[in-house]
């Protein structure tokens, strides 16, 4: 059976969501933040000592975006995993884009806002950094329900999973209404709601 190691309070949430969307049977193995990822038995699964990790009947994988693209390609059907090579390329593009352009500033804001004393200057600098990529996303979504038109794909899941930090940090998305509406739609999917409800 497929096993997914990690907590939904980490990047494992996006892989739990992907498993829910592809609809395969799996076991969720909760892993805490208190040193469990540094135990020898866990390091055999993910030698980096991070979450998540996937064990697909002996095939071990780590890195949440790689796990999600793998799950979509192996177990997903169109439209979640699109049917053309060109669309696969677009899935990779958006998945890598969100990790390089959006995730770090969002995480920096989140970590700052959870400190006892936030560095408001750093928060504002990261909000500024996000303006250009969020405009790219908003412009792309103009007139479309999802990144590739009317159908939800793994690219939407991957981008929305990173963007899920935006509501947590109360990031104002009113300047990018297409992205705001799209994010609410993605995060409201039953698969995501089940994933975030896990430990």
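The values are calculated or read from the model by the stated rules, or taken from the named source; none is laboratory data. Model, not experiment: these values are computed from the prediction. Every residue, glycine as well, gets a Cβ built from its backbone with ideal geometry; the counts of neighbours run over all protein chains shown.
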Out of the residues in segment 98-142 that are closer than 26 Å to residue 68 by Cβ and in a loop (DSSP other than H, G, I, E, B), which is modelled with the lowest pLDDT?
114
Members of segment 6-19 that are in contact with a helix residue (DSSP H, G or I) (Cβ under 7 Å, 6 or more places away or on another chain) and either at pLDDT below 95 or in a loop (DSSP other than H, G, I, E, B) (or both):
6, 8, 11
Looking only at segment 70-94, which residues are part of a helix (DSSP H, G or I) and farther than 15 Å from residue 24 by Cβ?
85, 86, 87, 88, 89, 90, 91, 92, 93, 94
Within segment 49-69, track down each residue that is under 15 Å from residue 3 (Cα atoms) and not in a loop (DSSP other than H, G, I, E, B).
53, 54, 55, 56, 59, 60, 61, 62, 64, 67, 68
Qualifying position, being crowded, with 20+ Cβ neighbours inside 10 Å and closer than 30 Å to residue 131 by Cβ, among 46, 68, 112
68
Number of positions in segment 158-199 that are in contact (Cβ under 8 Å) with a residue 12 or more places away in the chain and more than 20 Å from residue 134 (Cα to Cα):
10
Report yes if some residue within segment 33-48 is outside any helix (DSSP H, G or I), in contact with a helix residue (DSSP H, G or I) (Cβ under 7 Å, 6 or more places away or on another chain) and either closer than 18 Å to residue 195 by Cβ or at pLDDT below 95 (or both); otherwise report no.
no
Considering only segment 20-32, state which residues are free of Cβ contacts under 8 Å to residues at least 60 places away in the same chain and either farther than 20 Å from residue 191 by Cα or not in a strand (DSSP E or B) (or both).
22, 23, 24, 25, 31, 32
